[in-house]
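J.: Take this structure, written in structure tokens, and hold onto it; I'll ask about it next.
Nothing in this text is a laboratory measurement; each read-out follows from the coordinates by a stated rule. All values reported here derive from a predicted model rather than from experimental measurement. Don't worry about glycine lacking a Cβ; one is built from the backbone with ideal geometry, like all the others, and counts go over all protein chains shown.
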Amino acid sequence: MTTSVKPPVWFWVVSVIALLWNLVGVMNYLNQAFNQVALLEAMDQAQREAFEGIPAWATAAFAIAVFSGTLACIGLLLRKKWAKTFFIVSLIAAVAQFIHWLFISNAVEAFGPSTYAMPIIVIVIGIYLIFFSKKGIEKGWLK
């Protein structure tokens, strides 16, 4: 007979907040993918060049990051340990995307030093969610 360890309330709170965070990422990706004209109209020339210079692999990394992160959060809510794997995939894809954005493109020159803020936040949260899911597995909250 297997017994299920009930997660604490804060597990559910963190999981729902993480899902909302990743859904915002999905919305940003969809906006970037399907609303380019409006985005470009709001940018100056240097910003347009940086945005238009994003290669397909970096766009794909963005999509993989946000959609695998969202799937991972759904996994948390379903109490599945595969959530950790999807969080790892999400973080790797996000890092790949940010390597291009911060170090290969001219985004920092075009958008300014604040360009570093969101990548740092995303990476810190991504690392936290990997450890959060790992703890969930260790505590028996995720099966």
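J.: So which of ILE54, ILE17, ILE64 ends up being more than 11 Å from the chain's Cα centre (by Cα) and surrounded by 15 or more Cβ atoms within 10 Å (Cβ to Cβ)? Don't jump to the end; show me each part of the working.
T.: Working: ILE17 fails: surrounded by 15 or more Cβ atoms within 10 Å (Cβ to Cβ); ILE64 fails: more than 11 Å from the chain's Cα centre (by Cα).
Going through ILE54, ILE17, ILE64 in turn, the sole match is ILE54.
J.: Give me the pairs, please: first residue somewhere in the range 17-38 and over 15 Å from ALA63 (Cα atoms) and in contact (Cβ under 8 Å) with a residue 40 or more places away in the chain, second residue anywhere and assigned to a helix (DSSP H, G or I) and among the hydrophobic types (A, V, I, L, M, F, W, C), beta-carbon distance under 6 Å, and either six or more positions apart or on two chains.
T.: Here the result reads ALA18/CYS73; ALA18/LEU129; LEU19/CYS73, each pair linking the range 17-38 to a residue that is assigned to a helix (DSSP H, G or I) and among the hydrophobic types (A, V, I, L, M, F, W, C).
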